Each structure stands twice: as structure tokens, then as C-alpha cells.
Amino acid sequence: MSLENDIGCLRCMPLFQDMPASRLKLVALMGERLQFEPGAVLISPQEKLAGVYVIMEGEVEISQPREDGEERRFVKDTGSITGDVALLSGKPFIATVSAKSQVLALRIPKDLFFELLQTVPEFSLAVCRDLADRVHRLASVLLREHETV
């Protein structure tokens with residue numbers, strides 16, 4: 001992908017669609033383009049992240065072993081961001097993120113991510129909405145797990 005393609009791809013994602021063009025170009029320029037083969041690990045448990053990953057193409061799987069030996073898994077696809085919760089909380093990542101398919105990701109450095117949150121209200125709101133949506137989905141899953149028959 002070229003710089004213009006990266007900018008166009010970012011512009012199509014809800015997190016970036018309202019971002020000013022100059023800031024979007026900065027993200028595309030400062031972000032590190034990474035490719036992962038299926039099965040490759042993007043983030044390991046307990047890793048202190050240096051940035052967030054924007055999934056430009058493909059799917060990643062987030063997995064964590066449970067106490068009963070099973071693994072809890074879910075998938076994020078193109079347009080998703082991962083690593084933001086760990087960065088915002090200042091805590092290490094709690095699961096493994098691996099490529100489920102061929103993945104093209106843009107790693108946005110931690111400093112740039114925080115700068116965007118502080119200086120681009122549209123981005124801050126989009127990140128808040130994305131986090132709220134994930135919390136809502138998580139609560140729905142947890143409530144269904146504890147239903148009685």
C-alpha cells in the first residue's frame with residue numbers, strides 16, 4: 001500500500017473518518033506498517049505495549065486460557081483497534097493477539113496515540129464510542145453466561 005492508500009483505508013474506518021486530513025496523514029506517516037502471517041503473534045500476554053494496532057486488512061484472534069483449561073476467544077477484523085485498553089489503563093496486555101488470517105496492521109506509537117486523544121476531539125470521541133461498544137458487547141456476553149435455564 002502507498003501512503004495515499006493507507007490514508008484512504010484509515011478514512012474508511014469509524015475511528016478515523018472524522019479526523020482532520022493533516023492528522024490522518026500524520027497517522028499514516030508515523031504508523032508502522034506490519035504484516036503478519038496466519039498464526040503469528042502480534043501481542044503476547046503481560047506485554048507492555050509501545051502502541052496500538054489498527055487492523056487494516058485481515059482478522060486477529062484474541063485468546064486467553066480459562067481456569068478450566070478451555071480458551072476464551074474472539075475475533076477482531078478490518079477496521080478494529082487493539083491495545084488501546086492496555087495503553088489507557090497503563091496495565092500489561094492480558095491475552096494473546098494472533099493473526100487469524102493474513103494481516104496488515106498499522107502500529108500507532110503510544111505517544112502519537114495520546115497526542116491524538118488530547119488534540120483531536122473527533123478521534124477522542126470515536127475511541128470512547130468504540131470502547132463503550134466493546135463494554136456493551138462484553139456485558140451482554142457475561143450476562144448470557146450467567147443466565148439460568
Checklist (1) farther than 22 Å from VAL120 by Cα; (2) surrounded by 13 or more Cβ atoms within 10 Å (Cβ to Cβ); (3) at pLDDT below 95 applied to MET19, failing item:
(1)
Any pair with Cβ under 7 angstrom, 6 or more apart, that starts in the stretch 62-91 at a residue that is touching a residue at least 40 places away in the same chain (Cβ under 8 Å) and closer than 16 Å to ILE43 by Cα and ends at one that is open to solvent by less than 80 Å² (accessible area, probe 1.4 Å) and among the basic types (Lys, Arg):
THR82/LYS76
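Restricting attention to strands (runs of 3 or more DSSP E) lying wholly within the stretch 40-137, give those where 1 or more residues are open to solvent by 60 Å² or more (accessible area, probe 1.4 Å) and either in contact with a His (Cβ under 6 Å, 6 or more places away or on another chain) or of a type outside the set (Asp, Glu) (or both). Let's see the steps before the verdict.
Working: elements: 41-43, 51-57, 60-65, 71-76, 96-99, 103-109.
Because the criterion is at least 1 residues that are open to solvent by 60 Å² or more (accessible area, probe 1.4 Å) and either in contact with a His (Cβ under 6 Å, 6 or more places away or on another chain) or of a type outside the set (Asp, Glu) (or both), the strands (runs of 3 or more DSSP E) in the stretch 40-137 that meet it are 41-43, 60-65, 71-76, 103-109.
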Counting only residues that are within 20 Å of ALA99 (Cβ to Cβ) and part of a loop (DSSP other than H, G, I, E, B), the stretch 16-39 contains a total of 4
Of all residues in the stretch 71-100, count the ones that are farther than 27 Å from GLN17 by Cα and of a type in the set (D, E, K, R).
4
Could you check the stretch 97-121 and list, in sequence order, the residues that are among the aliphatic types (A, V, I, L, M) and in contact (Cβ under 8 Å) with a residue 40 or more places away in the chain?
VAL97, ALA99, VAL103, LEU104, ALA105, LEU106, ILE108, LEU112, LEU116, VAL120
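Can you pull out every residue in the stretch 1-13 that is surrounded by 14 or more Cβ atoms within 10 Å (Cβ to Cβ) and in a loop (DSSP other than H, G, I, E, B)?
Residues of the stretch 1-13 that are surrounded by 14 or more Cβ atoms within 10 Å (Cβ to Cβ), as a first pass: 1, 6-7, 9-11, 13.
The answer is MET1, MET13.
What is the residue count in the stretch 22-39 for residues that are farther than 18 Å from GLY8 by Cβ and open to solvent by 60 Å² or more (accessible area, probe 1.4 Å)?
Initial filter on the stretch 22-39 (farther than 18 Å from GLY8 by Cβ): 32, 34-39.
Then drop every residue that is not open to solvent by 60 Å² or more (accessible area, probe 1.4 Å), which leaves 32, 35, 37-38.
Residues meeting the conditions: 4.
Applying the selection to the stretch 22-44, what residues are within 20 Å of VAL120 (Cα to Cα) and touching a residue at least 40 places away in the same chain (Cβ under 8 Å)? Walk me through how you get there before you give the answer.
The first filter runs over the stretch 22-44 and keeps only residues within 20 Å of VAL120 (Cα to Cα), leaving 22-31.
Answer for the stretch 22-44, where residues must be within 20 Å of VAL120 (Cα to Cα) and touching a residue at least 40 places away in the same chain (Cβ under 8 Å): ARG23, LEU26, VAL27, ALA28, MET30, GLY31.
The values are calculated or read from the model by the stated rules, or taken from the named source; none is laboratory data. Everything numeric in this text was worked out from a predicted model, so none of it was measured. Methodologically, a virtual Cβ is constructed for each residue, glycine included, from the backbone with ideal geometry; neighbour enumeration extends over all protein chains shown. Protein only, heavy atoms only, side chains kept; ligands, DNA and RNA dropped before computing areas. Shrake-Rupley method; radii C 1.70, N 1.55, O 1.52, S 1.80 Å.
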